[in-house]
Each structure stands twice: as C-alpha cells, then as structure tokens.
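Peer 1: Dumping the structure here so I can ask a few things about it.
The values are calculated or read from the model by the stated rules, or taken from the named source; none is laboratory data. What you see is a predicted model, and the numbers here were worked out from it, not measured in a lab. In this analysis, Cβ positions are derived from the backbone assuming ideal geometry, glycine residues included, and neighbour counts consider all displayed protein chains. All accessible areas refer to the heavy atoms of the entire protein, side chains included, with ligands and DNA or RNA removed. Shrake-Rupley method; radii C 1.70, N 1.55, O 1.52, S 1.80 Å.
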Amino acid sequence: MTKQELQKSLKMRHMRMISIGGVIGAGLFVGSGAVIHATGPAAVISYLLAGVLIVLIMRMLGEMAAAYPSIGSFAEYGRLALGDWAGFSIGWLYWYFWVIVVAVEATAGAGILQYWLPGVPLWVLSLVLMVLLTLTNVISVRSYGEFEYWFASIKVGAIVVFMILGGLFVLGLWPGASMSFSNLYAHGGFAPHGFSSILQGIVIVIFSFVGSEIVTIAAAESSEPEKAVAKATNSVIWRVLVFYIGSIFLVVTMLPWNAAGVLKSPYVSALTALHIPAADQIMNIIVLTAVLSCLNSGLYTSSRMLYALAKKGDAPRWFMHLNGRGVPIRAILLGTVVGYLSVIMSYVSPDQVFLFLVNSSGAVALFIYLLIAVSQLRMRARLERERPERLQVRMWGYPVLTYVTIAGMLAVIGSMALIPSIRSQLWASLLSWLVVLVAYALRGRWSVSQSDDASRTERA
C-alpha cells in the first residue's frame, strides 16, 4: 500500500514559472484581438482594471495560503470560512472548469498542429496531445513542474522579445519607423465605442487571467509552500503590468485598433508591421506552447482538486489512490476520460453538447473568485482574533479592498447578463452551480441516512 501523501518535489524555480505560466495564456496572444476590436485603444484600461481585480484576489489567496498551506487550496479556505457547502461547491466547480478547459485546449492545439499536418484529422491530433500530457502528469509531479517550467520560459521569452522590439518601433528606433502615438487617438478616439465598452471589455478580459491561482494549489507539493506562495502572489503585480498591460499598450500603439489583422491575431499583425519574416509561423509556435501549458496545468489542477475532494469525503475515496511516485493517478485519469469524451463531443455535436459544456463552465471561475473574496473577509477576522502569528502575508487595505473586490466581481458577473454574446455562459454556469448545490444537499441526506442506519444497527 502506497503512502497516502503527495510528494513535495516542486522546487522554487518550478513554482516561479508555474505562477508566471498561469498568467500568460493563449487568451493573451489570440483573445486580446476581440477585446481591442470591441474597445479600441481603451482596451489597455480594460486589462488594467481586470488585472487589478485579479491582483487583489491573488493577494487574498496568498494570505490564506501562507496561513493554511493545504491540499485543495481555496476549496479548503471556503470550507473553513463559509462551511462545507462552499468547499464542496468550489472544489467541484473548479474541477469541472478545468476538465472542460482540457478539452477546449486539446481541440485548439489540434487546430494549430493541423497548420503543419493538414492531412491528419483534428480528433486524432487532439487525442495525441491529451495522451502525451497525461503521461507527463502520471510520471511525477516533478515531471509536470519541469514541463511547465519550459513552457512558461518560452512564453516569457516571447513576450520579453516582443516588448523590446515593439518598444524600439514605437520610439522610432526600429528601421523605417518614427516615434508616434497617433494610433491611440486617431481612429475615432481613445474609446471609439464609448467608455461603456471599457466595462464590457473587463468582462471578456478577466477570463484571460484565470489560472493565476494554480500556484496556490501547487504550493502543497513544494518543499517551501509558504515561501513559494508569498513570492508568487507578490510578483503577480509586475507580471500583470508587464505581460498584459505593457504588451497590449504596444499593440494598440503600433497598429490602428480597427486594422483587419488585429481581430484575428494582434501579435502576428504587430510582428508583420516589424517586417519579421514568418511572423505567423513564430506566433503559431508560441500559441501552441501556451495551449500545451494550459492543457498540462488543466490535467494537474483538476486531479489535485479531485484528490482534495476525496480526502474530505466529497468525492469517492477511490480517487485518493497514489502510485509509487506519489501521483493521484486515478484522479488524473478521470479528468483525462472526461476530456476525451468532451473532445469527441466537439466533433460529433459541436453546436449543441460541446457548446453547452463550454458555456456551463464559462463563468464558474468568477463564482469561485467571488467565494474566495468572501472567504478571505471572514477568515482574516478569525485569524486576527485566534492565530495572528499565521498572518505572514496580509491583504492590503483590509477590509476596504476586500469589499471593493467583492463589489467588482459582482459587477462583472452582473454585466454578463447585459452582454448578448456571453449571456448564455452566465445562465448555463449558474445551472452548473445549482446542480453542484443539489448534489451537496443529496450528499448530506445520504450521509444522515447512513448515520441513522448505523445507529439503528447498533441499537439492535
């Protein structure tokens, strides 16, 4: 029988790159085009405000993770602060979100690979990617960390190079370029669709930041969890400022926001403006790296959350089984199987079953962020009263900034109901949460029934 403990094999360098990799996703390289198209140069403000919300959420997580470095991370914090229903909800919603992300990213990665392998069916490429990344996770947590380290390194390197080249272009130091900031105001103004579009942009942008919190889950498998989380949450500020705000600012400064190529791929268009040869090929490699990173992290995160749920009795304890290398292999394989089925649905029924799966998981991360903020509000008061020595990392401006964050998340969630293109995600995701709450109620009744049966048996 294997020892029922995860291995603390992740080093500080792994944790540092996991935290960076969680911030830089395919949403930055591809999804930013839709935000720029809908908002204009004011997209920079949308990214800044959404980034502030995420930074505050990460600071709250840092405070709680440093005080209680535990498996399951924020699901456990919700349980401690709000009750078992919150831990159950956060855990299962987060697991569901990531197993659907696995399918979405596998499908996206297959689409990129088909650029070079046009004769291979998409579903074959999707399954190959899932098998390869499943094996990476099954081998060991160190293997996951190593792959994520290099995936993140490539993404960081790409952004740094882009910002250096883009900065030279904007400042007129690039061959054939002259210093100009006219694209920020020359094509209908800084906010051509009005300042209300900035608020709508926040709703779209905030999904790009989902994944920042993975480091607080991985902390439980690092040799120095408190130190790792403190460093990761403290550095999230400059990462958001540099990678998102900085690069988006360069894109809208280099190119007219309404240029034809911006909507499809803003970074390819920017590289083309620099006359970089094979810009589309370079960006495809970078986006594929971002997709594989997200797929890798999705399998890891969903398995650890399921393992944590099983430890608390919120999932079958069968999923607590670890192999000889301390990996919850059954939890990984369940996420993989759900991913396989979802990929199949993306080809069999893309506009019905798969679309519903994507929509029903779309907003759950926002619900989780809201519960994290409420959990921190209650847990901080308890820690100050009972265990002040555990407050190694503190949320700034508590409780004012916590209330501001809660109000901001409620505003973002409420705004989804007003935007036709994403309204269906809100309703479908609320349905997912309702299903989870019903499952929690049924689980409670089943537990009470089992307890009553046991009591009657003892009396007999």
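Peer 1: Net charge near LEU295, counting Lys/Arg +1 and Asp/Glu -1 over other residues with Cβ under 13 Å of its Cβ? Display every interim value, and only then the final one.
Peer 2: Details: positive: none; negative: GLU105, GLU148.
Spelling it out: positives minus negatives among the neighbours equals -2.
Peer 1: Counting pairs of alpha carbon atoms under 8 Å apart in space and at least six apart in sequence, what relative contact order in percent does the chain give?
Peer 2: Once divided by the residue count of the chain, the mean separation gives 33 percent.
Peer 1: Quick check on packing: order 101-114, 169-182 by the mean number of other C-beta atoms within 10 Å, highest mean leading.
Peer 2: The packing order, highest mean first, is 101-114, 169-182.
Peer 1: Go through SER303, LEU418, ALA106 and say which Cα lies farthest out towards the positive end of the charge dipole of the chain; charges sit on Cβ, +1 for Lys and Arg, -1 for Asp and Glu.
Peer 2: After comparing all options, I get SER303.
Peer 1: To continue, here is another question. Taking the dipole about the Cα centre of segment 1-142, with the C-beta of Lys and Arg at +1 and of Asp and Glu at -1, give me whichever of PHE97, LEU133, LEU122 is farthest to the positive side.
Peer 2: Toward the positive end, the furthest listed residue is LEU133.
Peer 1: If you take every residue apart from ARG79 with its C-beta less than 10 Å away from the C-beta of ARG79, what net charge results, scoring Lys and Arg +1 and Asp and Glu -1? Intermediate results must be reported in sequence, preceding the final value.
Peer 2: Details: positive: LYS312; negative: GLU76, ASP84, ASP314.
Taking every Cβ under 10 Å from that of ARG79, the sum is -2.
Peer 1: Only Lys, Arg, Asp and Glu count, each charged at its Cβ (+1, +1, -1, -1), so figure out the dipole size of segment 191-313 about its Cα centre, rounded to 20 debye. Before the final figure, lay out each step's value.
Peer 2: On the way: 7 positive and 5 negative charges, 42 e Å.
Charge dipole of segment 191-313: 200 debye, to the nearest 20.
Peer 1: Quick one: with all protein chains in place, what share of the accessible area of the chain is carbon or sulfur, to the nearest percent (1.4 Å probe)?
Peer 2: Whole-percent figure for carbon plus sulfur exposure: 68.
Peer 1: May I ask you to give the solvent-accessible area per residue for the chain, in square angstrom, as obtained with a 1.4 angstrom probe?
Peer 2: Working: 18700 Å² over 460 residues.
With all protein chains present, the chain gives 41 Å² per residue.
Peer 1: Turning to a different aspect of this structure: Which label marks the calculated value of semi-axes √(5λ) of the Cα gyration tensor in Å, given the options [x] 78, 22, 15; [y] 38, 25, 22; [z] 111, 26, 18?
Peer 2: Identified label for the calculated read-out: [y].
Peer 1: Another question, then. Which far-off residues, 5 or more places away or on another chain, put their amide H under 5 Å from the one on LEU322, with H placed in the peptide plane?
Peer 2: Long-range HN contacts for LEU322: none found.
Peer 1: Relative to the longest principal axis of the chain, what angle (0 to 90°, nearest 10) does the C-alpha long axis of helix 364-386 take?
Peer 2: Taking the Cα atoms of the chain, the angle to 364-386 is about 60 degrees.
Peer 1: Assigning unit charges at the beta carbon (Lys, Arg +1; Asp, Glu -1) and nothing else, what dipole magnitude in debye, to the nearest 20, does the chain show about its Cα centre?
Peer 2: With only Lys, Arg, Asp and Glu charged at Cβ, the dipole is about 840 debye.
Peer 1: Putting +1 on Lys and Arg Cβ atoms and -1 on Asp and Glu Cβ atoms, find which of ILE36, MET179, VAL343 reaches farthest to the positive end of the dipole of the chain.
Peer 2: Checking the options against the dipole of the chain, the answer is VAL343.
Peer 1: Hand me the tally of lysine pairs in the chain: alpha carbons under 26 angstrom apart, and the pair either on different chains or 8 or more positions apart.
Peer 2: 18
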